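Shown next, in structure tokens, is the structure this report addresses.
The values are calculated or read from the model by the stated rules, or taken from the named source; none is laboratory data. Just so you know, these numbers come straight off a predicted model, no measurement behind them. Because the Cβ atoms are built from the backbone with ideal geometry, glycine has one as well, and the counts that use them run over all protein chains shown. Accessible surface is based on the protein model in full, side chains and every heavy atom, while ligands, DNA and RNA are left aside. Shrake-Rupley method; radii C 1.70, N 1.55, O 1.52, S 1.80 Å.
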Amino acid sequence: MINRSLPVNKLRDAWVEINLGNIEHNINSIKNQIKENLPEGLKMPKLMAVIKADGYGHGSLMCAPVLTACGVEAFGVASVDEGLELRSNKIDEPILVLGTVPIWAFESAAKNDITVSIFNTEHLEAAKILYERTKLKLKAHIKIDTGMNRIGIQTDKAIDFIKKVQNSDYIDLKGIFTHFADVENPEILNLQKENFKKVINSIDTKNLTIHCQNSLGAFIDPCVKCDMIRLGIILYGLSPLTEGKDCGIKLPELKPVMGLKARITNIHTIKKGEGVSYGYAFVADKETRVATIPVGYADGVSRNLSNKIEAGLNGKKIKQIGRVTMDQIMFDITNVEEAKIGDIITLLGQDENNYYSIDRWADILNTINYELTCRLKVRLPRIYIR
């Protein structure tokens, strides 16, 4: 039996809403644009869906079957644990751990058909010991550091390393990849592309999957003929582009997948001069009707958003007031006379008339949408719709 339940508090009036139909729309829109951009004679590359960090907070176990049905052929994760969770829920497609796998986890990866990233001699030695002890051959992709300076074998050592792996009898080499640091900066991008090309053009790539393009890189010309594209945040309808920066890359039409909603638990009226929440960071300049919802910074809504965001109630915009607290947030609903306890406030996503974007939150907090979607998974139940 497949169990996709999660250890979250379901008995509360706040939830994250995930639209699986929008995931389907996004993947089809992405595929269509990639096909349009393909040079003549090249076939459509395989697609890897990156569903690390529980699908960027969207729920990897629920998103994976939808992505598979839409033609995704592999999944990228950050750890062996994430791969094991997919395997235990009957996800049979190839899984690649994109990050560093501790050598003591190689055996678990091999036993569960999870591919690891390798890039140093310690990895080779551990794989050899594993094979000699268990006859398990480790499936691997070699990560090349072409300029990200995070993990990977450096380009000047990569060719010898790759050939050594190819000549070994204890590693099943499946692919070679790199990761771009800044697709929007032509100087940095071209340097990494050239570094990767030098390596790839110097080795035998037969039966290997070559990949370097991520969500944004999917819409640029690859440095070499790539067999696979890694799609991450774009699957969930969010832009990987830096806001306000024009790098000439046109993205496909996307539909955001995640919403955040909560029901009003209390309504009361305060007088002019009264304050709201800790420290009275908001003081009413007139008689104000205040609504409270049961969601706060422990759920991933940053305290630094206090007094800076809007939400939707019955199709009208309302302002958040006072400090965001651990479990509750207050709103000024003076302009929504008909509002009552139990009505839904939309903090993120589409309500009747307006769309409330997580990109706006990211702009306020000087961060990226990826970080914020990952935060919204600590205590909030996820409701899936199509």
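Considering region 122-145 alone, what residues qualify as being open to solvent by less than 70 Å² (accessible area, probe 1.4 Å) and within 19 Å of G99 (Cα to Cα)? Explain how you work it out, then say what you get.
Going residue by residue through region 122-145, those that are open to solvent by less than 70 Å² (accessible area, probe 1.4 Å) are 123-124, 126-127, 130-131, 134, 136, 138-145.
If the condition is that a residue be open to solvent by less than 70 Å² (accessible area, probe 1.4 Å) and within 19 Å of G99 (Cα to Cα), then H123, L124, A126, A127, L138, K139, A140, H141, I142, K143, I144, D145 are the ones that fit.
Of all residues in region 338-353, count the ones that are open to solvent by less than 40 Å² (accessible area, probe 1.4 Å) and part of a loop (DSSP other than H, G, I, E, B).
4
Restricting to region 354-386, what's the tally of residues that are out of contact with any Gly (no Cβ under 7 Å at 6 or more places or on another chain), over 12 Å from E17 (Cα atoms) and in a loop (DSSP other than H, G, I, E, B)?
5
Can you work out which of the residues in region 146-177 that are open to solvent by 40 Å² or more (accessible area, probe 1.4 Å) and in contact with a Leu (Cβ under 8 Å, 6 or more places away or on another chain) is nearest to F119 (Cα to Cα)?
K164
In region 21-52, what residues are of a type in the set (D, E) and at pLDDT 90 or above?
Going residue by residue through region 21-52, those that are of a type in the set (D, E) are 24, 36, 40.
Result: E24, single match.
So which residues in region 207-239 are part of a loop (DSSP other than H, G, I, E, B), within 12 Å of the chain's Cα centre (by Cα) and over 23 Å from L347 (Cβ atoms), if there are any at all? Break it down into steps so the answer makes sense when it comes.
So the first thing to find is which residues in region 207-239 are part of a loop (DSSP other than H, G, I, E, B), and the list is 207-208, 214-216, 220-227, 232, 237-239.
Okay, now just the ones that are also within 12 Å of the chain's Cα centre (by Cα), so 214-215, 232, 237-239.
Correct list: N214, S215, G232.
Give the residue, chosen from I159, I171, that is farther than 18 Å from K197 by Cα and more than 25 Å from the chain's Cα centre (by Cα).
Working: I159 fails: farther than 18 Å from K197 by Cα.
Testing whether each residue is farther than 18 Å from K197 by Cα and more than 25 Å from the chain's Cα centre (by Cα) leaves just I171.
I want to confirm something. Restricting to region 200-252 and keeping residues that are of a type in the set (D, E, K, R) and closer than 17 Å to D359 by Cα, which single residue is surrounded by the most Cβ atoms within 10 Å (Cβ to Cβ)? Working first, answer last.
At the first step, the residues of region 200-252 found to be of a type in the set (D, E, K, R) are 204, 206, 221, 225, 227, 230, 243, 245-246, 250.
Still in the list and also closer than 17 Å to D359 by Cα: 243, 245-246.
Numbers: E243: 11, K245: 9, D246: 8.
Step by step, filter region 200-252, then rank; the result is E243.
Would you tally the residues in region 371-381 being closer than 17 Å to I234 by Cα, in contact (Cβ under 8 Å) with a residue 12 or more places away in the chain and open to solvent by 70 Å² or more (accessible area, probe 1.4 Å)? Steps first, please.
Residues of region 371-381 that are closer than 17 Å to I234 by Cα, as a first pass: 371-374.
Restricting the remaining residues to those that are in contact (Cβ under 8 Å) with a residue 12 or more places away in the chain gives 372-374.
Filter once more, keeping what is open to solvent by 70 Å² or more (accessible area, probe 1.4 Å): none.
Qualifying residue count, region 371-381: 0.
Looking only at region 188-206, decide whether some residue is in a strand (DSSP E or B), at pLDDT 95 or above and more than 20 Å from the chain's Cα centre (by Cα).
no
Restricting to region 268-290, give me the number of residues that are open to solvent by 40 Å² or more (accessible area, probe 1.4 Å), within 37 Å of the chain's Cα centre (by Cα) and not aromatic (F, W, Y).
Of the residues in region 268-290, 2 are open to solvent by 40 Å² or more (accessible area, probe 1.4 Å), within 37 Å of the chain's Cα centre (by Cα) and not aromatic (F, W, Y).
Which numbered condition trips up T242, out of (1) touching a strand residue (DSSP E or B) at 6+ places or on another chain (Cβ under 7 Å); (2) without any contact (Cβ under 8 Å) to a residue 60 or more places away in the chain; (3) under 27 Å from C374 (Cβ atoms)?
Looking at each condition in turn, T242 falls short on (1).
Since N304 meets every condition but one in (1) touching a strand residue (DSSP E or B) at 6+ places or on another chain (Cβ under 9 Å); (2) farther than 15 Å from L260 by Cα; (3) part of a helix (DSSP H, G or I), which condition does it not meet?
Result: N304 passes all but (1).
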